[in-house]
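The values are calculated or read from the model by the stated rules, or taken from the named source; none is laboratory data. Note that the structure is predicted; figures quoted are calculated from it, not measured. Virtual Cβ from ideal backbone geometry, glycine too; neighbours counted across all protein chains shown. The area values use the complete protein model at the heavy-atom level, side chains included, leaving out ligands, DNA and RNA. Shrake-Rupley method; radii C 1.70, N 1.55, O 1.52, S 1.80 Å.
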Amino acid sequence: MASVERLDLLGSPGSPYTRKMLALLRYRHIPYRMLWGGHHMPPQGYPAPKVRLLPTVYFRGADGELEAAVDSTPIIRRLEAEVDGRSVIPANPELAFYNELIEDYADEWLTKAMFHYRWHHEADRRNAGPMLTYWSDNTLPEADARDRADQFTKRQFDRLYVVGSSPLTATTIEQSYHRLVTILDKLIQLKGYVLGSRPSSADFAIYGQLTQLGIVEPTAAAVMSDLSPRLRAWLDRIEDLSGLDPEDSGWFSIEEARTALAPLLAEIGRVYVPFLAANAQAVAAGAKSLETEIDGRTWSQPVFPYQAKCLAALRDAVAKLPEASAHGTIATLKAAGCDGLITDAAAAPPKP
Ligand SMILES: N[C@@H](CCC(=O)N[C@@H](CS)C(=O)NCC(=O)O)C(=O)O
């Protein structure tokens, strides 16, 4: 097995995906160097990624050349292949699917709550503008920092609609976040992590978004402290799990997982799956925006082609489950209202 000598990564403390990756690298004992910053001031001597996203992770290829990679989910899979031990992906196909689904939900839906709470309410905007400015440069003179924060805040406020945050959808987003906090409170109480007594990539994805919601954004952080001090405390532990010795038997059994995850899967079925379905339909129809009902209220936003790919990947993963796992996974998804992830082909696999 190849090994990774050291990874360098460019990111920001305010980027949930940067925090996801950092905590994962610490847990997996992968040496790294954290380059705080952004693409407005790219680090000297490093290649530019195809898409300028944070984090950007620089791998050193066999030829010694640096390669810039983005998108935490495939980067995590690449690291699984390149670095042995302390895996964040369960071997059992049913558990691995739940892990993939929950990671995707955190990256693509929970991030709507992160962006919404950061910029929607005035008190939160006033906190976020300076924080993001000083995270990118903490030596800025006060007046320049204020100008930059004001400009950035205006830009982000004007872009809230892109992820679907608007006065029309605010209640749906906020209630979904409140429910998630309560669901995670109970789930973590069982064995400490989403899939048992060892962390999975789903934990790191949830953690990344919650480093902002539970700590940085005042309104959302107050909700978490109020509803779940346990979850708020969990965040500080996930930040550095380098001293945890995971056991092979640490994952939930299938039966435990189906029961323990039912409320979280139901939340995903309630908000994320309907969104994914409406988005994919609109993308397929060549529409520019979508309007649907989520959790009993109207939801509208511009289409998001990347998230149509997310739905296709999840459906494909269900369809490709080995026979021994397919039946139980599909029954669990149906019971959770996640029917939209099950294609006809997956529901009725061809007889051998
Ligand atoms: N799916 C990507 C998303 C990464 C992402 O959207 N990063 C945000 C920051 S949290 C970004 O770089 N936005 C553009 C920018 O900040 O310039 C991942 O999992 O890494």
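So, with +1 on the Cβ of K and R and -1 on the Cβ of D and E, and no other charges, what is the size of the charge dipole of the range 64-150 about its Cα centre, to the nearest 20 debye?
With Lys and Arg at +1 and Asp and Glu at -1, about 360 debye.
I'd like the projected area of the chain, averaged over all directions, using the convex hull of its alpha carbons. Report it in nm² with one decimal.
19.0 nm²
Using a probe of 1.4 angstrom, how much of the accessible area of the range 7-82 is carbon and sulfur, in percent?
Accessible surface attributable to carbon and sulfur in the range 7-82 totals 55 percent.
What is the sum of charges, Lys and Arg at +1 and Asp and Glu at -1, for the other residues whose Cβ falls under 13 Å from the Cβ of residue 85?
-3
Arrange the peptides 13-25, 46-58 so that the one whose residues have, on average, the most other Cβ atoms within 10 Å appears first.
Highest to lowest by the protection proxy: 13-25, 46-58.
A 21 angstrom limit on the alpha carbon distance is what I want to check against. Which of 50/309; 186/320; 20/112; 112/154 exceed it?
Distance filter (> 21 Å) returns 186/320.
Defining a contact as two alpha carbons under 8 Å apart and six or more residues distant in sequence, what relative contact order in percent does the chain show?
Relative contact order of the chain: 19 percent.
Distance between Cα centroids, the range 232-257 to the range 180-216: provide it in whole Å.
10 Å
Given a 1.4 angstrom probe, what's the average accessible area per residue across the chain, in square angstrom?
Per residue, the chain has 46 Å² of solvent-accessible surface.
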